[in-house]
Amino acid sequence: MKKYLVSASLALAALSLSVAVSAAPGGKQEQVMFAAGKSAKTVKGSVQGKGYIDYLVTAKAGQSLSVTLKPIKTTTYFNVNVPGSANALYNGSSSGDTLKNRLLPNDGTYSIRVYLMGNAADSNQKSDFSLDIGITGKPLAPLSAKRDAKVGKTAYHATASVPAKYDLDPKVSSSEAGVIRRSQDGTATVVLKMKGFDRSILFVKGKPVGSDSAQEMKFTKKGDLTTVTFGDKSEIYEIRDVFLMGD
């Protein structure tokens, strides 16, 4: 199988898949553990002023995350941050208090951050809340190195430069990408290295079905080329079937 040289940034990205985001000053973290045989849990807490709580939930690619926030104050919100990053795949201040069955693209620790906004935060008000958290679905395990060799010591089965566009930087024309193959039928996670952030897309049988973006994902397919867009074409990526499946 043809392999490509992996960049140092991709190697670091592979390591970051299982690393939780560190809490900044003013915040605290709590690991969420489910009881034996259970896949859901309700936690209770309180936030005050500009403080926040990060609830850390370990999940696998292909599983779905559901979260419902029940706050005392309506200015209490939650975000879901992706493994190893402060980037949010869900922003409750614009999308509401309920996230239902969000398909996850990566293995790792997802952070559910509860916080206050507006005058409640500025005037150091306190809000009690409860948070329902659930993980469902069967994980999509990566192919072993015996079935599909890895690139060096990374998590990737292959790396390549793929065509990409980013509306905040018109100079961008490509992205370095790594693929974690989870089957030989086009089921894989593609991690794209953009300036200042990573973008992960989960494909199932060659079709993009989930991502770590808070924006809507759409795609078109022509021959062996899948074009994935986010938002109002704010990000565009072109992925070939061979990258997902291998030679």
Those residues of the stretch 90-140 which are closer than 20 Å to Leu202 by Cβ and surrounded by fewer than 13 Cβ atoms within 10 Å (Cβ to Cβ), in sequence order: Lys100, Asn101, Thr136, Lys138
Return a yes/no flag: does the stretch 94-108 have any residue that is assigned to a loop (DSSP other than H, G, I, E, B), at pLDDT 95 or above, aliphatic (A, V, I, L, M) and in contact with a strand residue (DSSP E or B) (Cβ under 6 Å, 6 or more places away or on another chain). yes
Pull up the stretch 169-200, narrow it to residues that are among the aliphatic types (A, V, I, L, M) and in contact with an Asp or Glu (Cβ under 8 Å, 6 or more places away or on another chain), then point me to the one that is modelled with the lowest pLDDT. Met194
Among the numbered criteria (1) part of a loop (DSSP other than H, G, I, E, B); (2) more than 22 Å from Gly231 (Cα to Cα); (3) among the small types (Gly, Ala, Ser), which single criterion is violated by Gly134? (1)
Show the residue pairs that are 6+ apart or on different chains and have beta-carbon atoms under 7 Å apart, the first residue being within the stretch 138-166 and closer than 16 Å to Asp247 by Cβ and touching a residue at least 12 places away in the same chain (Cβ under 8 Å), the second being outside any loop (DSSP other than H, G, I, E, B) and hydroxyl-bearing (Ser, Thr, Tyr). Val151/Thr159
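Residues are listed down the side, and each one gets a yes or a no for (1) loosely packed, with under 15 Cβ neighbours inside 10 Å; (2) touching a Leu at 6+ places or on another chain (Cβ under 8 Å):
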{"residue": "Val204", "(1), (2)": "no, yes"}
{"residue": "Gly210", "(1), (2)": "no, yes"}
{"residue": "Gln215", "(1), (2)": "yes, no"}
{"residue": "Asp224", "(1), (2)": "yes, no"}
{"residue": "Ser234", "(1), (2)": "yes, yes"}
{"residue": "Arg240", "(1), (2)": "yes, yes"}
{"residue": "Met245", "(1), (2)": "no, no"}
Regarding the stretch 144-158, can at least one residue be identified that is under 13 Å from Ile239 (Cβ atoms), within 21 Å of the chain's Cα centre (by Cα) and surrounded by 15 or more Cβ atoms within 10 Å (Cβ to Cβ)? yes
Please go through the stretch 220-247 and pick out each residue that is basic (Lys, Arg) and closer than 15 Å to Pro208 by Cα. Lys221, Lys222, Arg240
Got a sec? Which of Val162, Val190 is surrounded by fewer than 20 Cβ atoms within 10 Å (Cβ to Cβ) and either part of a strand (DSSP E or B) or among the charged types (D, E, K, R) (or both)? Val162
Failed condition for Asp54, given (1) outside any strand (DSSP E or B); (2) out of contact with any Leu (no Cβ under 8 Å at 6 or more places or on another chain), with all others met? (1)
Take the residues in the stretch 165-187 that are outside any loop (DSSP other than H, G, I, E, B) and either among the aliphatic types (A, V, I, L, M) or not assigned by TED's automatic domain parsing to the domain that holds Ile201 (or both); name whichever of them is farthest from Lys207 (Cα to Cα). Ala177
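The values are calculated or read from the model by the stated rules, or taken from the named source; none is laboratory data. Being a predicted model, the structure only gives us computed values, none of them experimental. Cβ: placed from backbone, ideal geometry, glycine included. Neighbour counts: every protein chain shown.
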